[in-house]
Amino acid sequence: MTDTPTMALEARHLVKQYPGVLAVDGVSFAVPEGTCFGLLGPNGAGKTTTVEIIEGVTRPTSGDVYYYGEIAGARFREETGVQFQSTALQDFITVRETLEMFHALYERQADLDHVIEQCSLGDLLDRDNRKLSGGQRQRLLLAVALVNRPKLVFLDEPTTGLDPQARRNFWALVQSIREEGATIVLTTHYMDEAHVLCDEIAIMDEGKIVTQGSPEALLHDRYGDKLINLPHGEIRRPNLEDLFLDLTGHSLRA
Amino acid sequence: MWRRIYAIFKARNREFMRDRASLSWNLILPVALVFGLSFAFDGQRDEYTVGVLQDAAEVDTAEHPFLDTKYVRFVAYDDLDEAMRKVERHQLDLLIDFGPPTRYWVNPTAPKGYFIEFALLQSSSGDSDLVTREQIAGEPVRYADWVLPGILGMNMMFSCMFGVGYVVVRYRKNGFLKRLRATPLTSLEFITAQVASRMVLIMIITAFVYTGTHLLLDTRMEGSYLTLFAVGIVGAISMVSLGLIVSARVMSEELAGGLLNMINWPMMLLSGVWFSLEGTGETVQLISKLFPLTHVLDSARAVILDGATFGDVAPSLAALTLLSAVFLGIGAAIFRWERF
């Protein structure tokens, strides 16, 4: 007999109707504690709206969100971290001040030095938010999402617009957060990203989940009879991303 | 709760204080206006103003032909002390009570009082025995003395309304509010932090501008600085609260700008920033009482020019507090974090 996993998050029958557009059409899924769940789909599929309903920043037309078996409320806000697809931060405020401000909004607090080290922000602490590059900004937004030692972290298309080097490093960062025990909900339209990071994925289109399962299981179900398994270490042609990373290195730049 | 409010308060203060262009504008504009207006208008009041100790409309003009005198504005008063103080300050050229017996008060050091007295005696058939003359001495209130509270109040109004209204709409538009929404911060905590931040900043700026102008122009101060400070704080809260109503739901900065101007301009024109509303119609005076700026200016001028005490301005402060409570209640009830 196997133990039933604890569900960190459950979305039940979420619906969001905008005038003339049914953005989310009865979406339900559950995320076991300590896993990384990916919500995939093309642009306009309803991923971001679904996640924003769960995060509590968009009101659903109907449906409920449960956090560890309870309707998501004050505890949910205290124990979750969110990185939105695009968030402006205050002008004229430094990285350190931004982190300190968000840190002060929570009762449950992470060790800021650890978050700064984890997100490689040590050299940027006194820099104005407006002067950060795309990758630095994403790391800061992730750090902001971690200032409360979240049990559940939402990452909404976190690597959109980043160069291959920054993406790889961001993935490593997400892996490290997961290793610390956090549950992760990731939306992305990069399939390689979902493959590397997610234990389970749901693919959305036109506001509905069209399929759900582990990446390997989904591939096997669909292409089982057409797949040739190769030894780990895959055989493929080098691509431009390999060339870019070979020439510029894998390490993160401040 | 207080830690969260303080965190938002501190961050907003830093954002404002480090925006040098905006800060400079908040300091330079009011000083420049006071200097410019005092230079342009000091002593330039063309019309004669006469106070009448009963409603001029009720006085028989056939019996008192003085009321038909051209180029004289007659303003009704029912409070003798207040009207006499205006004569003392040269804000009224002459005060008359048709009695009977007819009495009038004039300031012998006021040049315009000297001439309007001639007109009065002329209309009394030159028989000075028909009227009783009383003298009131006192230094004039210069236009700079009078307009300084107006400019400071106007600057406070623009800074409070735009400084909160516009900023909150910008935060909503660029997604910063949405990010805060995903934290334990409540809308009441956010609004409190915004009100507190703007109140502190505008009080510092106003105190700075007032001190500078007071020292440079040697403006009048008859009352207590503490009372004036209380008027400033209560006034700032009421105007920030009004700005919050505008910003509670609006998504576009252009719309917010339009709405804020739609409130600010009538408020500025009908609150007596530039010129006194004395003698204007009852409707105008009634409308003006709905604007917080009117109560701020009436109280500030009473303290600065007439030495009013805290007790004297308490009714205006109560009106401002009531307006703030109404504005804040509406603002918090309709406030939205998200864009849609």
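Nothing in this text is a laboratory measurement; each read-out follows from the coordinates by a stated rule. Just so it is clear, the structure is predicted and the values come from calculations on it, not from any experiment. Don't worry about glycine lacking a Cβ; one is built from the backbone with ideal geometry, like all the others, and counts go over all protein chains shown.
A:GLY38 sits among other residues whose Cβ lies under 10 Å from its own Cβ, and their net charge, with Lys and Arg +1 and Asp and Glu -1, is -2. Per residue of the protein assembly as shown, the DSSP helices (runs of n ≥ 4 H) give a summed -39500 (n - 2.57) that works out to -16500 deg cm²/dmol at 222 nm. Once C-alpha pairs closer than 8 Å and six or more residues apart are averaged by separation and normalised to the residue number of segment A:141-209, the relative contact order reads 35 percent. Couplings for segment B:313-324, taken from phi via the Karplus curve 6.51 cos²θ - 1.76 cosθ + 1.60 with θ = phi - 60°, read 8, 4, x, 5, 5, 5, 4, 5, 5, 5, 4, 4 Hz in order; Gly and Pro are left as x. Here B:VAL168, A:VAL24, A:VAL210 are placed in order of increasing Cβ neighbour count within 10 Å, fewest first, which gives A:VAL210, B:VAL168, A:VAL24. Amide H contacts for A:LYS208 (H built 1.01 Å from N in the peptide plane; partners 5 or more residues away or on another chain; cut-off under 5 Å): A:ASP25. Distance from the C-alpha centroid of segment B:137-190 to that of segment A:85-127: 28 Å, rounded to the whole angstrom.
Once both labels are positioned 7 Å from their Cα atoms along Cα-to-Cβ, the gap between B:ARG3 and A:ASP25 label points is 4.6 nm.
The alpha-carbon of A:LYS16 sits under 29 angstrom from the alpha-carbons of these lysines, leaving out residues fewer than 8 places away in its chain: A:LYS47, A:LYS151, A:LYS208, B:LYS173, B:LYS178. Computed extension length for B:ALA333-B:LYS289: 13.4 nm, one decimal, from 0.36 nm per residue of separation with the Cα-Cα distance subtracted. Candidate cross-link partners of B:LYS70 among the lysines, defined by an alpha-carbon separation under 24 Å and a same-chain spacing of 8 or more, comprise B:LYS86, B:LYS112. Entry note, chain A: relative contact order of 26 percent, from Cα contacts under 8 Å with a spacing of 6+ residues. Cβ-to-Cβ counts within 10 Å put A:THR80, A:THR98 in ascending order as A:THR98, A:THR80, the fewest first. Between B:ARG133 and B:ALA32, residue separation times 0.36 nm minus the direct Cα-Cα distance comes to 32.2 nm.
Of B:GLN54, B:GLN122, B:GLN194, which has the largest mean-square fluctuation in a 10 Å C-alpha GNM of chain B? Residue with maximal mean-square fluctuation among B:GLN54, B:GLN122, B:GLN194: B:GLN122.
Mean partner shielding of peptide B:178-191, defined as the number of other chain Cβ atoms within 10 Å of each residue Cβ, is 6. Spin-label pair B:TYR225-A:VAL196: with each label point 7 Å from Cα along the Cα-Cβ axis, the two points sit 6.3 nm from one another. Sequence-ordered 3J(HN,Hα) estimates for segment A:71-86 from the Karplus curve with 6.51, -1.76 and 1.60 and θ = phi - 60° stand at 4, 4, x, 4, 5, 4, 5, 6, 10, 10, x, 10, 10, 6, 4, 9 Hz, glycine and proline given as x.
By a straight-distance test (C-alpha under 14 Å), which aspartates and glutamates pair with B:LYS289 as possible cross-link partners, with residues fewer than eight away in the same chain excluded? Filter leaves B:GLU278, B:ASP298. Applying the Karplus relation 6.51 cos²θ - 1.76 cosθ + 1.60 with θ = phi - 60° to segment A:130-146 yields 3J(HN,Hα) values of 5, 9, 8, 6, x, x, 5, 5, 5, 5, 5, 5, 5, 4, 4, 6, 9 Hz, where x marks Gly and Pro. In this simple spin-label model, placing a label point 7 Å from the Cα along the Cα-to-Cβ direction at both B:GLN54 and B:ARG103 gives a separation of 1.4 nm. The H on the amide N of B:ARG73, modeled in the peptide plane, is under 5 Å from the matching H of B:TYR48, B:THR49, B:VAL50, each at least 5 residues off or on a different chain. What are the trypsin sites (Lys or Arg not before Pro) within segment A:37-134 that DSSP puts in a loop, where the Cβ has at most 13 other Cβ atoms within 10 Å? In loop regions of segment A:37-134 (DSSP not H, G, I, E or B), the sparsely surrounded trypsin sites (Lys or Arg not before Pro) are A:ARG108.
Peptide B:3-12 shows a mean partner chain C-beta count of 4 within 10 Å per residue C-beta. Equivalent ellipsoid of the protein assembly as shown: semi-axes from √(5λ) of the C-alpha gyration tensor, largest first, are 70, 23, 18 Å. Solvent-free Debye calculation, one equal scatterer per alpha-carbon of chain B: log10 I(q)/I(0) at 0.06, 0.08, 0.14, 0.15 Å⁻¹ equals -0.27, -0.46, -1.08, -1.19.
Summing Cβ point charges (Lys, Arg +1; Asp, Glu -1) relative to the Cα centre of the protein assembly as shown gives a dipole of roughly 1460 debye. All other residues with a Cβ under 11 Å from the Cβ of A:LYS16 taken together, and with Lys, Arg as +1 and Asp, Glu as -1, what is their net charge? Summing Lys/Arg as +1 and Asp/Glu as -1 gives -1.
Extension gain for the segment A:VAL15 to A:THR35, taken as residue separation times 0.36 nm less the Cα-Cα distance, is 4.7 nm to one decimal.
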